[in-house]
Amino acid sequence: MTKTVNHWIGGKTVEGTSGQHGPVTDPATGAVTTQVALASVEEVDAAVAAAKAAYATWGTSSLAQRTAVLFRYRALLDAHRDDIAALITAEHGKVHSDALGEVARGLEIVELACGITTQLKGELSTQVSNRVDVSSIRQSLGVVAGITPFNFPAMVPMWMFPLAIACGNTFVLKPSEKDPSAANLLAELASEAGLPDGVLNVVHGDKVAVDALLAHPDVAAVSFVGSTPIARYIHATASANGKRVQALGGAKNHMLVLPDADLDAAADAAVSAAYGSAGERCMAISAVVAVGAIGDELVAKIRERAEKIKIGPGNDPTSEMGPLITAAHRDKVASYVTGAAAQGAEVVLDGTGHTVEGFEDGHWIGLSLLDKVSTDSDAYKDEIFGPVLCVLRVESYEDGVALMNASPFGNGTAIFTRDGGAARRFQLEIQAGMVGVNVPIPVPVGYHSFGGWKDSLFGDHHIYGNDGVHFYTRGKVTTTRWPDPADAPAGVDLGFPRNH
């Protein structure tokens with residue numbers, strides 16, 4: 001009998017009742033190993049109702065109570081790192097070390113949430129007028145929801161719900177149906193840490209579940225990470241329903257390599273950032289922009305390194321890159337490589353025919369490197385989300401920045417140079433939300449915020465850090481005057497209130 005991943009609602013596993021299920025595949029073998037229950041509208045309603053009921057007490061709980069739970073949760077997550085990573089590898093396919101890194105980056109936000117007491121401190125101005133004080137506080141929203149992608153089934157949920165619940169909200173998580181098990185384990189460990197029933201709920205599903213969350217009147221805010229078309233839809237739909245929205249979309253991240261750069265370091269960084277996690281990450285470098293005469297040497301160095309990467313099952317300790325998430329996605333990624341030459345690119349490495357002995361039915365693809373790519377080619381314009389690196393050639397720094405700024409995406413970017421002046425100028429001139437200087441994947445640490453510009457972000461708030469706290473709370477300002485016991489009644493004054 002096929003194992004079923006069910007929902008987690010009100011502090012316990014709840015079997016799906018819709019009768020609809022989706023397949024969960026081991027990408028290394030191509031075999032369906034599990035099925036996941038796909039929620040109906042009524043099941044989403046049940047999860048939201050559980051969260052709403054829990055908010056009645058969690059929303060007024062003390063900061064000490066919340067942080068005590070989060071500290072215990074952090075310890076349990078640390079103790080179960082390998083268990084969480086194993087689930088990620090089994091359903092996503094990424095190598096175990098990469099999965100462990102994902103868990104570590106998620107833990108950063110749990111640690112930030114443990115220190116929420118300092119993030120939620122208010123402000124006070126005394127004597128703004130005679131015996132008048134003004135204070136500002138931040139309060140929770142209520143029930144909030146998160147819709148997360150397949151490529152980071154533990155990290156991205158952990159970018160959302162720890163901060164949300166630390167701020168006093170309750171949470172409904174709708175993870176990707178392609179790799180759902182890690183989300184359930186995160187919720188079970190939270191319950192073990194003492195999180196009250198209903199504060200964190202996991203409901204699995206497809207578009208039916210997503211649309212139910214976007215329309216539900218008791219959901220105050222929605223966080224999303226995924227592709228740009230879906231991010232745009234989430235933002236428009238949830239906003240039309242009166243919800244606060246942060247929707248992080250896709251990317252086409254560029255790495256500008258100046259002639260003075262250390263080309264060995266740049267090649268190492270390009271290979272790591274383009275092919276790590278099989279390119280299935282929104283912060284992957286997918287376009288290297290080579291300035292001047294260094295292009296041939298840089299491409300040769302990238303090729304030399306890429307050819308040595310060992311591809312294999314994620315649970316093999318010798319594997320450096322695993323398979324793609326589905327066969328359909330593998331075929332789509334391959335199509336960009338097979339069509340590249342016809343659109344003017346030089347195919348330096350073609351990974352489309354790659355297989356792994358003993359795992360021939362897995363969703364395998366090798367590393368592909370495309371040189372002299374034009375900006376009007378499909379391989380450049382689209383977010384491929386696979387191990388395909390495009391190299392573009394420009395004559396000058398100015399040409400490179402102009403090319404990069406013309407992209408509709410503005411997620412992350414990097415420059416490789418020894419010139420501090422050029423690096424400083426790049427930071428100011430580039431139109432992207434996250435910038436690396438000799439750092440290829442500039443994902444901010446937990447106490448700064450993650451988010452892009454342009455078509456990489458819909459909404460006003462970046463995720464986690466200060467922006468995350470502000471997204472999951474709303475401000476309130478109170479102006480207070482207490483009469484001195486010695487004062488006579490002030491009388492009626494119909495004039496505009498004065499501050500001095």
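The values are calculated or read from the model by the stated rules, or taken from the named source; none is laboratory data. These figures come from a predicted structure and were not determined experimentally. We place every Cβ from the backbone using ideal geometry, glycine too, and count neighbours over all the protein chains shown. Ligands, DNA and RNA are excluded from the accessible area calculation, which covers all protein heavy atoms including side chains. Shrake-Rupley method; radii C 1.70, N 1.55, O 1.52, S 1.80 Å.
Go through the range 313-347 and give me each residue that's open to solvent by less than 20 Å² (accessible area, probe 1.4 Å) and among the β-branched types (Val, Ile, Thr).
Result: Ile325, Val333, Val337.
Out of all the residues in the range 118-152, which are of a type in the set (Asp, Glu) and in contact (Cβ under 8 Å) with a residue 24 or more places away in the chain?
Correct list: Asp133 only.
Of the residues Glu188, Glu192, only one is touching a Leu at 6+ places or on another chain (Cβ under 8 Å) and surrounded by fewer than 23 Cβ atoms within 10 Å (Cβ to Cβ); which? Step through it out loud before you land on a result.
Working: Glu188 fails: touching a Leu at 6+ places or on another chain (Cβ under 8 Å).
Only one candidate passes the filter, namely Glu192.
Within the range 423-433, can you find the residues that are touching a Phe, Trp or Tyr at 6+ places or on another chain (Cβ under 7 Å) and either buried (at least 17 other Cβ atoms within 10 Å of the Cβ) or small (Gly, Ala, Ser) (or both)?
Listed by number, the residues that qualify are Ala432, Gly433.
Of these, Ala104, Ala47, Ala53, which one is assigned to a helix (DSSP H, G or I), more than 30 Å from Ala273 (Cβ to Cβ), open to solvent by 10 Å² or more (accessible area, probe 1.4 Å) and small (Gly, Ala, Ser)?
Exactly one residue qualifies, and that residue is Ala53.
Being over 19 Å from Ile109 (Cα atoms), touching a residue at least 24 places away in the same chain (Cβ under 8 Å), within 18 Å of the chain's Cα centre (by Cα) and not in a loop (DSSP other than H, G, I, E, B), is that true of even one residue in the range 160-169?
no
If you take the residues in the range 1-18 that are in a loop (DSSP other than H, G, I, E, B) and open to solvent by 60 Å² or more (accessible area, probe 1.4 Å), which one is farthest from Asn184 (Cα to Cα)?
Met1
Of all residues in the range 442-459, which are among the hydrophobic types (A, V, I, L, M, F, W, C) and open to solvent by 50 Å² or more (accessible area, probe 1.4 Å)? Step through it out loud before you land on a result.
Initial filter on the range 442-459 (among the hydrophobic types (A, V, I, L, M, F, W, C)): 443, 445, 450, 453, 457-458.
Once the filter is applied, which keeps residues that are among the hydrophobic types (A, V, I, L, M, F, W, C) and open to solvent by 50 Å² or more (accessible area, probe 1.4 Å), the range 442-459 yields Val445, Trp453.
Is one or more of the residues making up the range 344-355 charged (D, E, K, R), touching a residue at least 24 places away in the same chain (Cβ under 8 Å), in a strand (DSSP E or B) and under 27 Å from Gly452 (Cβ atoms)? Reasoning before the result, please.
Looking only at the range 344-355, we keep the residues that are charged (D, E, K, R), and these are 346, 350.
Now restrict to residues that are touching a residue at least 24 places away in the same chain (Cβ under 8 Å): 346.
Those left that are additionally in a strand (DSSP E or B): 346.
Checking which are under 27 Å from Gly452 (Cβ atoms) leaves us with none.
No, that holds for no residue.
So is Val128 of a type in the set (Val, Ile, Thr) and touching a Lys or Arg at 6+ places or on another chain (Cβ under 8 Å) or not? Working first, answer last.
Details: of a type in the set (Val, Ile, Thr): yes; touching a Lys or Arg at 6+ places or on another chain (Cβ under 8 Å): no.
Criteria not met by Val128.
Being under 15 Å from the mean Cα position of the chain (by Cα), among the β-branched types (Val, Ile, Thr) and open to solvent by 10 Å² or more (accessible area, probe 1.4 Å) is the filter here, so list the residues in the range 205-227 that pass it.
The one that is under 15 Å from the mean Cα position of the chain (by Cα), among the β-branched types (Val, Ile, Thr) and open to solvent by 10 Å² or more (accessible area, probe 1.4 Å): Val225.
Restricting the search to the range 393-414, which residues are touching a His at 6+ places or on another chain (Cβ under 9 Å) and under 10 Å from Val291 (Cβ atoms)?
Gly400
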